[in-house]
Each structure stands twice: as structure tokens, then as C-alpha cells.
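The structure appears below as C-alpha cells.
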Ligand code: ZN
């Protein structure tokens, strides 16, 4: 019943927001679950919204079969208008009336994984953003909040566990081997937070007493056989509950809190009230199957979804343009949670660096490309396309800047006021910033709120231009800060932002000048900061902790960067100095007319050696410093991008680092490789990460010197590994160095983990992401498409093979013969036919095509045009390719 529109898809505009004409007080849903045909009886109490002029009731519905409509128990006339059910003759006045709608749907055929679907024999729902309309006709918008009671009926043998939001109030047997369960949610909610699950599941349970004395039952539901992988998720949930109470005074407001894992999920996880549904990737872990990265991902996603219970669920979004109200804030909260869990200052900095790396390698390109949009967008064709790094990660930075401007305690006060004002409401990003400012009337945020809010309305990554001048006579150092922001689609000129710039000065020996550290708030296009009593030209450490999501432009000398790298008290800027030095070498080599075999200079190599040897630095930090900037990040610095050239230069740098530091890599491996029993804490995971990098470097060096010792050791480590982190990093070292031993290791890995879906994902991803040597990756990827374990319809598996190749392996994807792009266009179209959301994400792989050098540019454009030429594309893919070609 989806109406496909040809040509330009209609856009939804933020300025067109109008309050709903009807309100829903309560919803009583009854499901007769059957994979082929599920029957849904929806009884609602509605009333006219007194604040809105009388108009017909329009309910959204998609791919539903409508059987009956009753108003106050009587048959009623209705019409269908596109995807809407329209009721014109409804009772006048503001009295509530009952509307009963009976529909059926076909969960087994639901390949979009939106609405009610079946995954491995179990029913799941996904309603955000607009999936509830695929379950029943409804006012499917977040500002309509209702009370829900839900009855589930199903065959008891096939579906022994029946779950929905809230509290279980009744259950029992029915005829014909069926049974039922009735759930009542004590909290009002928008329909995007509705959920049900029915199937054969088992659960890990934990009873807890909160700080305030409340008793709660926590459950993590998984398939039988996966219970041994739920401990970390449960621990993360308990830690999240304790953290939100301690840091923000926000308690768990439910008697029962459930997490359910599914293998088939478009995203990471979903915060349905009291019944979070998770991608298995973010629940299941044990040392044998999950890496440190997986463990960290689980902690942060469990935290993220739990924190939504307040930021998103208790206070929700008025409309989907406000998505960052809940997502930016909740990412900020999960990042803070992970930092607090990490403990030491060094471990906090490591987490910060990792988060900034994501922002700069994914969000900055988005903000400079055809899909660029403000944190609060003004329009969209398909809301599913706006679950982006801009809404999430840049949105989190915008919240973090507010915290910086009002201080940590001030921010906690602001959160308190936000909930006092808006608990139970659907609100806007303005309401949030206003509450933070109002709770801190004397703050810089309160003084400059309208200007600060440009972070919500203006897209693009601002440039922070800094320059310093030292006056020896006056013993004065003057730092001039300026800002500009490049034009983005639909926004040619930008106004000045409010940019908190944390900074400090070091002397030439790297000692911090007393009292030089401060946070300057830049709100003009240009401002100066004066430091007196400065004995010699200092080294400025600017944008400490990455205090704003901007590009800092300062003409550092190499010597200054080496000083910062060696001495800055701010760990983020130490790391950043190393990145800048490496980036310089990379850009010089990429732009040089002749091939450069040794792009790194001696000073850089010496500095890296010093870091590697430094006794006082944590292994995790060393690993970050010794990891070169990624190819996409390097590409972003250039106006004309030759992906092959960048790849070749970065590989040359890696090889140089491998050779020049050989003995230090041996040392680093020896000192870090043995960690005893697996524990995913920051110290031991950092040691594993550094040992893994060392092994990779040693195998890379062996590629050239032909010495088989280190590949042999890597194979042995792969075989003997006591945990997945060590195993997969040893395997990666073999595959990444093109070792002859890689094939047998891959085969063995597959045999060892045949039944482990998430591990097989790693197996596919490793092969699709391997360095291309002679164009061998694409044929290999194509071959893997027909591997018996490859399932295109499973999003995790599709991502592990296809996205790993198209999005994460530029050196293999950008081929001069355009075969990578052809492959991409075929997969986009193939996936779009059954799962538009996943297809649209893949479609974004060529976002930056217009910067490519020839022959890539022309071929990429042609591939996008090929996709765009298909007449019956989804709205999702159509929006992405239309914007790419605009
Ligand atoms: Zn979220």
C-alpha cells in the first residue's frame, strides 16, 4: 500500500509544524501473533485538541490490511487517502470518544525491519521513527503521548515468552495451545517507544535496590545458548543505573527493566520504554568471542539506551527535527558515563580521543558534503536518513559546550530545571538550551544564548583561526582568535558561533606558564587574548580537550608541535600534536610530484620512539599516538582527492614506522603481550591494543625483510590466544601484511567459530577490509557474497562484508577501472528492494565523490546516476542520491 511517488519526493519542513488536531488518552492493543497474518485490535480513547481548529482525523498506516473501523462501538464511514485513514464524521465537542480499528499485517514478510517483524522465529518491533504506523493506524508523531495496555496472544510452544512495555499484570492459558500476557505501561509515551517481543528466549535476571530504596527487576533476554554472553551487558546496565542516580539524580522509574537481543536489527539498539531492543552486537560478549572494542561498545550502548529513559522518554521530542534533543544529549551522557567508568585521567583522555576521532573522520566529512545539515535540520524527505553523526556526535559536542560554558555543577543544575519544567512533555532543542541557561543566569551561555543556538541552526564545521605574536620588549604574548565557516548546501553565509576555546601556554622546555590556562569564549569574528610577563615566545596549546567541534588553524612550527607532543599537560593536545606532525608528512608526500618512499622525517620518528619508550605513559595512549591519521581524515584536508595516492602514502608511512622502530616494537610487544586472565578494563585493554599494533608492525616489517619469525609468532599467538582481542589482532596482522600464513589462519578461524554469528561478521569484515595488493579484494568480496554464511538480508552481515569494503577500505574501493563503484551501485539497488534504511546508509559511501580526482570522479558520478535512474527507488535512497547529484 506504500504509494511510490515518481520524481521529487515531498519534503517535510520544520516551519510547517502544527500541533495535533486530536489527542490520544489511552490505547488498548490486542495482538493475535502469527508470522503470516497477525491480527491487531486497536481501541483508543481520543479527543479533539481544544487548542486546534476542528478538522478531520487523519491516522497514518503503512502496509496494513484494514478490516473494521468503529466509533463509540458503531460502524463509521472513513476513507483512505494515500497512507492515511481519514475520519470526517466524529463526535463534536471535547468529549473523549472511542475508536476501534482492526487490521492485519504480515510480520514474516517484513524485510524492512520496521514495525512488527520476525527474526529467527521470534517477533520483534521497531517503531522509531515512523514504524508504529506499520502495526496499526495511529497519530504516528512523537508529540502524541498516550497510556498503553497491551495483550499478546500466541502459540505457547512456539512463543513461550511474551513481552511488552511496563508491568506484567495478567497471564494465562487459552484454547488450542495458545496463551496470553497483558502488559500495562505506567508511563505515558509516544508511539515510537512502543515495543513487543514474543518467542523462545531465556533471561539473566538481577534484582537491585536503588539508592532511593526502590526495588527493581533487571532482565537481559537472549536466545537459549547465549546466556553465557550476558554478564557484561547486565553489569553495564547496573553501572548505568547507579551512574545516572549519582551524577544527575535520575532514578529508574520502572519496576522492571528489560533488554532483549536480536540478530536482525537496522541500528545499534532502541530505547523502548522498559523494553529496550538491542542488536546482538551490543549485548553478547564473552572473552572468547568479543574484543575489547566490543566490550566498550556494549557498555556505551547499554548506557546510551538506559539514559534515554530520562532524556528521550520522560522528556521526548516535539517533532523529528528535534531529534538531537534526545540523541545529542544522550550521546553526551553515554560519553561522560564511559569516561567516568574509565577512571584515571589518562583513560578518560583516551576515550575523548576516540570520540573525537569518530567526529572528525565521519561527521566533518558529512558536514562538508551533500548530506550536510544542521544539528536541528530544517527539512527532510526521509527522517530515517537523519540518524546521523551530525545529530548524534556533533549534537553531543553542542551539549558538551554548554556544560563547558556553565561548568559541571551548573550543567547538573540545568538538567534538574529541564526536568522540572518538561517532565512528561514533548519539547524542542530551544527548551533544553533555555533550561541550561536559566539555571545559570550569570554564565556566558545565558549572556549569549541566541548566538550560541546557531550551533543548532547552522551546518558546516567552523574554522578557528589562531595566530600568536610575541613582544619581547613588553614581555607580552598576544593570541588572536578568529572564526569562519564554509558555506553548506542552502546556507551560503554563516554568522559567528560562540566557541569555547580551552588553552594554555608552554615555555620552550614544555613547562606550563603559571596562570596561563583558561577557557576563552570566542563570539566575535576576531578577538585577542593577551598574556603578560612572558619571558620568551611560548608554545600555545589551543583547543585543549577538543573544547569545540571546529578545525583549528594555527601555523605551528615542527619544533612547537614536538614540544606539545612531548610535554603538554593536556593529553588530547599531546595526541593532536602527533597527528598534526604525521598529517604534515602525509600531505607533503601526497602533493609531491614524484612518489615518496619515506614520507616520515627523522624528528617524527624520534618522537614516536620516545613515546613508545616513555615509562610514564599508558599503553592505550601510546597506541593512539602511534596510529597514523586515517585515509578519510587525510582526504578531508585536500580539495582534490586521489584515494590511491593517499593509500600508497599512508602504507609507506606505516612501513617506515614499522622498520624504523623495529626494536621498539619488539620491546612493546614483549612488555604488553601477556595479560593473564581477560578483563576488559582500560589498563589491560590498552596493553592488548599496543601489543596488537606492535605485532601488526612487526609483521609488516617482515613483509620486506622476509624474516618469517614474526609472522610465525603471529600465527602461534592466533592459535593460542586466550581471548578474541588477541586472536583477531594476530589474525589481522597476518592478513594486513599479506602473509602467506593468512589463508590457513582465516580457514581455521572460520572452522573454530562456525556457529557464532558475531564472530563470523568479523571474519567477513577482516577480508573485505584488508589492504588491496594488486586489486584482489573486490574479486574476493564478490566471492564471499555467495559464501553459505553470507546473508544479505541480515544487516550485520551485509555491513560486515559490503560496508567494510565500500565504506572502510578506500584503497580497495576506489579502483581506476570503476569496478568498485559498479559493485556499490548494484548492492545499493539490490538492498533497496527489501531494506531501504540499510541501502540508504550504503548509498552514502560516495558522498564525497565531487572531490575525487579523475578518473574516479567521473566514474563515481556515473555510478550514482545509475542508482538515481531507477524509477522505483525508496524515499531513503532517492534523497541520498538526489542530494549527491545536486
Ligand atoms: Zn539514542
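Only the coordinates and a few stated rules stand behind these numbers; no lab work does. Since we're looking at a predicted model, the values are computed, not measured. Don't worry about glycine lacking a Cβ; one is built from the backbone with ideal geometry, like all the others, and counts go over all protein chains shown.
Can you list, largest first and rounded to whole Å, the semi-axes you get for the range 556-623 by taking the square root of 5 times each eigenvalue of its Cα gyration tensor?
24, 13, 10
Based only on Cα atoms, what mean projected area does the convex hull of the range 458-558 have, in nm²?
Here the figure is 6.8 nm², rounded to one decimal.
So how long is each side of the range 817-886 along the principal axes, counting just the alpha-carbon atoms, biggest first, in Å?
33, 23, 19
For the range 697-769 and the range 20-42, what is the separation of their C-alpha centers, rounded to whole Å?
A separation of 50 Å, based on Cα centres.
I'd like the per residue volume of the convex hull spanned by the Cα atoms of the chain, given in cubic angstrom.
In the chain, the Cα convex hull volume per residue is 166 Å³.
Most exposed first by the Cβ proxy, i.e. fewest other Cβ within 10 Å, how do 111, 240, 786, 147 rank?
The fewest-first ordering by Cβ neighbours comes to 786, 111, 147, 240.
What whole-number distance in Å separates the alpha-carbon centres of the range 210-232 and the range 307-335?
24 Å
Quick check on the chain: helices-only [θ] at 222 nm, where DSSP H runs of length 4 and up contribute -39,500 (n - 2.57) each and the sum goes over total residues. Nearest 500, please.
Value at 222 nm, helices only: -12000 deg cm²/dmol.
Using Cβ contacts closer than 10 Å as the measure, can you line up 270, 145 from fewest to most?
Exposure proxy ranking, most exposed first: 145, 270.
To the nearest 10 degrees, how steeply does helix 643-660 sit against the main Cα axis of the chain, on a 0 to 90 scale?
Helix 643-660 and the main axis of the chain meet at about 50 degrees.
State, as an integer percentage, the relative contact order of the range 85-169 based on alpha-carbon contacts under 8 Å between residues 6 or more apart.
Here the relative contact order equals 17 percent.
List the extent of the Cα atoms of the range 267-320 along each of their three principal axes, largest first, rounded to whole Å.
The Cα atoms of the range 267-320 stretch 43, 19, 15 Å along their principal axes.
Quick one: compute the contact order of the chain, relative version, from alpha carbon pairs under 8 angstrom and 6+ residues apart, as a percent.
Reported as a whole number, the value is 8 percent.
Order these peptides, 49-59, 682-692, by their mean beta-carbon neighbour count within 10 angstrom, highest first.
Top to bottom by mean Cβ count within 10 Å: 682-692, 49-59.
For the range 414-456 and the range 458-527, what is the centre-to-centre distance using only Cα atoms, to the nearest Å?
With the range 414-456 and the range 458-527 each reduced to a Cα centre, they are spaced 25 Å.
In vacuum, with every alpha carbon of the range 308-409 counted as one equal point scatterer, what does the Debye formula give for log10 I(q)/I(0) at q = 0.21 Å⁻¹? Two decimals, please.
Rounded to two decimals, the profile gives -1.15.
Compute the helix-to-body angle for 662-672: its Cα long axis versus the longest principal axis of the chain, expressed 0 to 90° and rounded to tens.
50 degrees
Return 739, 210 ranked ascending by Cβ neighbour count within 10 Å, so the fewest neighbours appear first.
210, 739
Out of all DSSP beta bridges with both ends in the chain, state the antiparallel percent to the nearest 5.
The antiparallel fraction comes to roughly 80 percent.
With a Förster radius of 35 Å, plug the Cβ-Cβ distance of residue 659 and residue 789 into 1/(1 + (r/R0)^6) and report the FRET value to the nearest 0.05.
The computed FRET efficiency comes out at 0.40.
Please report, largest first and rounded to whole Å, the three semi-axes of the ellipsoid equivalent to the range 381-481, where each semi-axis is the square root of five times an eigenvalue of the C-alpha gyration tensor.
Taking √(5λ) for each Cα gyration eigenvalue gives 32, 21, 10 Å.
Rounding to the nearest 10 and keeping the result within 0 to 90°, find how far the Cα-based axis of helix 323-342 lies from the longest principal axis of the chain.
50 degrees
Pairs of alpha-carbon atoms within less than 8 angstrom and 6+ residues apart define the contacts here; what relative contact order does the range 334-448 have, in percent?
Rounded, it is 19 percent for the range 334-448.
In nanometres, what is the gap between the two model label sites at residue 175 and residue 639, each 7 Å from Cα along Cα-to-Cβ?
For the pair residue 175/residue 639, the computed spacing is 7.8 nm.
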